[in-house]
1. Would you mind computing, in nm to one decimal, how far apart the modelled labels at Ala90 and Thr196 are, each placed 7 Å from Cα along Cα→Cβ?
2. Which percentage, to the nearest 5, of the DSSP beta bridges contained in the chain is antiparallel?
3. If we count other beta carbons within 10 Å of each Cβ, what is the order of Met73, Met120, fewest first?
4. So what's the gap between the Cα centers of region 190-214 and region 230-288, to the nearest angstrom?
5. Taking only the alpha-carbon atoms of the chain, what semi-axes of the equivalent ellipsoid follow from 5 times the gyration tensor eigenvalues under a square root, in whole Å, largest first?
6. For the ranges 187-193, 96-102, what's the packing order if you count other beta-carbon atoms within 10 Å of each residue, average per peptide, and put the highest first?
7. What list of ³J(HN,Hα) couplings, whole Hz, do you get for region 125-134 from phi and the Karplus terms 6.51, -1.76, 1.60, once you set θ to phi - 60° and write x for glycine and proline?
8. Determine the relative contact order of region 120-245: mean sequence separation of Cα pairs under 8 Å and six or more apart, normalised by residue count, in whole percent.
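None of the figures in this text is laboratory data; all of them are computed from the coordinates on show. None of these values were measured; they are calculated from a predicted model. Using ideal geometry, Cβ is built from the backbone for each residue, glycine included, and neighbour counts are taken over all protein chains shown.
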Amino acid sequence: MLFNRGAAALAAAVVVAAGVWLSAQTPQTFRFVVSATDAAGAPVADLRVEDVLMSEDGVPQQVVKVEPLAIPMKLTIAVDNGLDSADALAHYRSGLTGLIEALPPDVEITLITTAPQPRMVVKPTTDRTQILRGVKGFAPEQARPRFSDALVEYSERLQHEPKDAKAQYVPVLLMLSTAAIETRSYQPKEIEKAVTYLVTRHARVNSIVVSTRTGDTAAAAGLDLTLQAIVALPAAKLTNGRYEGLAVSNRLTTLLPEWGRDLAALHAKQIKQFRVTVERSRAGNLQNPRIELARPGLTGAVTLDGYLP
């Protein structure tokens, strides 16, 4: 568990419980990952060996190495361009433009449309001109969206990545859909399997479902019962993502840039982490481990693998 040395309470961002440590860390030499922030909440880029303290049962352990670890975010945007999307397209484009402009230039982005089937419009790139051209260029199709298909096929693409690529980034899926009845090629068990893999891959699923009946109170109230929401709500919860149901599409023009700023903050923390190596005074299970940040004003989070909650 991670404390600031001068703090009386556990830092709010702590994610590793003692039980996890006991089951996962037994060697005499072991490693963990620290994400530290300063008093202003900004990620710390210069953590040193003397800044990290580790003890077991009150006995100090030797921190021998602190080295930078960057696990960046990569964003895939899946947009509903189906039958009922035409009225929302201007708000899609405005909101997505604001989201993309809020992200750091090194964030890789992929753009997919979901009608008449999931289709890659912009391949993975950091070229903002290309991405924004894609956002402005896709057209509505006379077909139903395939929201669930897009999620399943995204999960499958991740599963088929080379093994060495999987530990190098955090996959983030942003799904933007109307509440129109979707077409599915996959059964509920296949969708569940896809979401389960996304959880194990430390992916995040963020979804917005927009009513196609602006001003209809009953339709807006039922957004969470749409086929898209039935998939999106548990996927967001299980992956530490976000879900929002919108009664009107013009809210996208401000909501998506807000989400972009939040994703930018996640990326900034993910790429400024540190792998800490400790030489323990004994082997076996950890006994009452305590991790502290010695530098005044710092707080942080500890993970075993560098994937922040």
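1. Taking the two extended label points, one gets 4.6 nm.
2. Working: 31 of 59 bridges.
Of all bridge pairs located within the chain, approximately 55 percent are antiparallel.
3. On the way: Met73 23, Met120 14.
Result, fewest neighbours first: Met120, Met73.
4. 14
5. On the way: eigenvalues 336, 75, 62 Å².
Over the Cα atoms of the chain, the semi-axes work out to 41, 19, 18 Å.
6. Working: 187-193: 13.9, 96-102: 19.9.
Most protected by this proxy first, the peptides run 96-102, 187-193.
7. 7, 9, 6, 5, 4, 5, 5, 5, 5, x
8. About 25 percent, as a whole number.
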